[in-house]
Structures are given as C-alpha cells and as structure tokens.
Amino acid sequence: MKMVFTELKEHVDLIRDAFPDDELVIFDHPLEEEQLIDVARDAEVISVFIYTQVTEKVIDSIPSLKLVVTRSVGFDHIASKHAIEKGITVCHVPDYGAHVVAEHVFALLLASARRIPSADAFVKNERRFDFSNFLGLELRDKTLGVVGTGKIGAAVIEIAKGFGMRVVAYDVYQNKSLAAKYGFPYLPLEEVLGESDFVTLHTPLTPDTHHLIDATAISRMKKGSILINASRGGVLDSRALRDALTSGHLWGAGIDVLEDEAHPEKDPLLDSPRIVITPHSAFYTKEVLQRISQLTIETVKSYKAGSPVNKVPSEYL
Ligand code: NAD
C-alpha cells in the first residue's frame, strides 16, 4: 500500500516501523495541489498536517485514494464532504489532549492582561526596571465568555475556575452536565459578548462560524475587554479586530491562528497594537507530538483492519 505523508518531521522512524510492508513517501513540508497530485498519483493513503490542502481536485485526480488522515484536530483544509461522497474515508485526531490548547489560551490571556511581551522587550532593550507602562488586569472575579464548549472550551472552563473566574458560555449545543459541573450559564452570543471581560473562541471553522466574530460582534464586547482566538483564523474577522484594537475599544487580543496562515505577512493583525500573536503553536508540545503519532498509526491500522477509527464528525460537513 502506498502512503504519502506531508509535513511530517517528528517520529518518522516510529511511523516507518509501524508500517514495514508499505511504501511510505514522506515530506517534511506541505505540498501544493499539483505536487500532491503528482506524488500521490497511485497512493491509497494521504496523511497531512494543517498546511497541505486536500482539495476536490486532489481527490478527483487520485482514483486510488481511499483514506485521508489529517494529523490535526481541525479538518477544514480537507474537502471532506466531497471525499466522503466518493467513498473515501476522512479521519483526524479527535483529541490529543484539549488541556494543551487550553493552557496556551491562558498563556495568551495572561500575556495580554499583564502585557508580558512588551514588558519583556522593554526590560531587555532599555535595560531599565520601570513598571509604569505595564499596568495589568486581574483574572480573579472577572467574567470569561467561552464561545464553543466542546473539548477545548471545557478544558478552558476548568482552568478558569482555578483562577476564580465567573464563566458564561455560548454554543449551538448546550452541554448541560458540563454547565452543572462548573456552574455556568449558557447565554445567547450577544449576551456572552456583552457580559464578558475576556472572550475566548473555541468553535470549529464552518460556514456558520465564518466571521462569527465580526465588527458588530466586537462592538458588543465590553470596552477594555480582551479577545482570545486559538480556534481557527476564519472564525474572526481580522480587520474588525484590528480596528477595535486601533480605536482602543479592546484592551488587547491574544491570537494563535490567522485567516490565511500561508501569508501571515498580509494579515492586518500583524500591525495591530496591543496584540500577542503565536504562530499556531497552541497544540505544539513535546507530549502532543508523541500522542499525534500514536493516534495516526492507530487510525491507519484500523483502516487496514477494515473498521477505521477517528473519522471526522459528519455533523460539521
Ligand atoms: P469540539 O468539536 O470538541 O468543540 C467544538 C464546539 O463548537 C462544540 O461544542 C460545538 O457544538 C460548537 N459549535 C459548532 N458550531 C458552532 C456554532 N455555529 N456556534 C457556536 N458553537 C458551535 O472541538 P475542539 O477540539 O474543542 O476544538 C475547537 C477549535 O479549536 C477548532 O476550531 C479546532 O480546529 C481548534 N484547534 C486549534 C488548535 C491550535 O493549535 N490553535 C489545536 C486544536 C484545535
């Protein structure tokens, strides 16, 4: 069986050892559409990370293709609906530990609330100890608005309770046992935005959530609040956030994802004031890489055994 892996840098030997009888073609970088079609021409399995697009054209051009596995939670870079309609199985990593992204959310929130990156740069560049430009905000007793209370949203709520925060949430699906466990209400999106001191986004990117947080939504947020996005860039209108930061409506923002991560240089957020940006690194820990490799092996093995696990959830297609 021929399998093409793109963007695979870690645990290459682990994956090779798991499939000793198969032909593995491995790239440590993303492939463009035409390159992917060319190298995967007679492949049965394609496994990608987040920067290789498995488009309708890719799917239509590779008749031998039977399984697409993305080694990420998000799968908006795969034409999943089209693939499934053609009988191709599409799998992802359903969960490599939601706490990983949740911990990064608090890193971004604290970095923004306490102005950590600019304070750090100030001390190192100026070689002075002067706190006067780095007035911070506290988390305790503040309201955190969580948009999307799936695996990552729930892990964020658990941590928020440790900080002594009040939580309000919005989701199209209301998880009543989670709400009871952590004692938070589900409210309409407008109310979550209006009541929160900090808002954090944890929905998938779907046609319904594209620009869920646009200029109107941001105008509903409290003046002096902070917006965190570690979900998908397209959930947030970057220009609207830039305008809200420039006008001073928001205290700051913490961003781990952009609308077009292949061309970050064009993103309006890079020139916005009071923004902390990390390069989609929320998931990227030593421990996660090990778990992703193991889950990918498990997925491909289950497909080979005739009953694939970790299929993408059909409700989002
Ligand atoms: P999940 O599927 O467990 O939860 C998503 C939640 O969003 C669900 O509760 C769902 O009901 C809700 N939802 C769906 N559509 C909605 C809508 N229109 N309005 C409101 N809520 C809606 O997903 P997850 O594992 O918690 O991941 C959340 C997000 O984080 C995804 O976008 C994923 O791609 C992203 N992610 C980012 C990183 C990173 O490194 N930055 C890593 C992993 C996941």
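The values are calculated or read from the model by the stated rules, or taken from the named source; none is laboratory data. Here the structure is a predicted model, which means the values were calculated and not measured. Counting neighbours? That spans all protein chains shown, and the Cβs are built from the backbone with ideal geometry, glycine included.
Taking each residue of region 22-40 that is in the same structural domain as residue 62 (by TED's automatic domain parsing) and looking for partners that are loosely packed, with under 13 Cβ neighbours inside 10 Å with beta-carbon atoms closer than 9 Å, six or more apart or interchain, yields 28/9; 29/9; 30/262; 31/38; 40/64.
Residue pairs whose Cβ atoms lie under 6 Å apart, sitting 6 or more positions apart in sequence or on different chains, and linking a residue in region 244-266 that is outside the structural domain of residue 33 (by TED's automatic domain parsing) and in contact (Cβ under 8 Å) with a residue 40 or more places away in the chain to a partner that is of a type outside the set (D, E, K, R) and surrounded by fewer than 16 Cβ atoms within 10 Å (Cβ to Cβ), are 251/224. Scanning region 271-294 for residues that are surrounded by fewer than 17 Cβ atoms within 10 Å (Cβ to Cβ) and over 30 Å from residue 114 (Cβ atoms) yields 290, 291, 294.
Taking the criterion of being surrounded by 15 or more Cβ atoms within 10 Å (Cβ to Cβ) and over 18 Å from residue 302 (Cβ atoms), the residues of region 11-32 that qualify are 11, 26, 27, 30, 31. Note on region 32-66: residues that are more than 23 Å from the chain's Cα centre (by Cα) and hydrophobic (A, V, I, L, M, F, W, C) amount to 10. Residues in region 120-160 that are more than 15 Å from the ligand (Cβ to nearest atom), surrounded by 10 or more Cβ atoms within 10 Å (Cβ to Cβ) and polar (S, T, N, Q): 143 only. When residues in region 208-254 are screened for being under 16 Å from the mean Cα position of the chain (by Cα), part of a loop (DSSP other than H, G, I, E, B), within 13 Å of the ligand (Cβ to nearest atom) and not hydrophobic (A, V, I, L, M, F, W, C), 5 of them pass.
In region 295-309, what residues are surrounded by 15 or more Cβ atoms within 10 Å (Cβ to Cβ) and either among the polar types (S, T, N, Q) or touching a helix residue (DSSP H, G or I) at 6+ places or on another chain (Cβ under 6 Å) (or both)? Across region 295-309, the qualifying residues are 296, 297, 299, 302, 308.
Listed by position, the strands (runs of 3 or more DSSP E) contained in region 7-109 that have at least 3 residues being away from the ligand (no atom under 13 Å from the Cβ) and closer than 27 Å to residue 256 by Cβ are 45-48.
If you go through region 246-270 and pick out every residue that is of a type outside the set (A, V, I, L, M, F, W, C) and crowded, with 20+ Cβ neighbours inside 10 Å, you end up with 4.
One residue is enough: does region 259-279 have a residue meeting the conditions assigned to a loop (DSSP other than H, G, I, E, B) and over 30 Å from residue 110 (Cβ atoms)? For region 259-279, residues assigned to a loop (DSSP other than H, G, I, E, B) and over 30 Å from residue 110 (Cβ atoms): absent.
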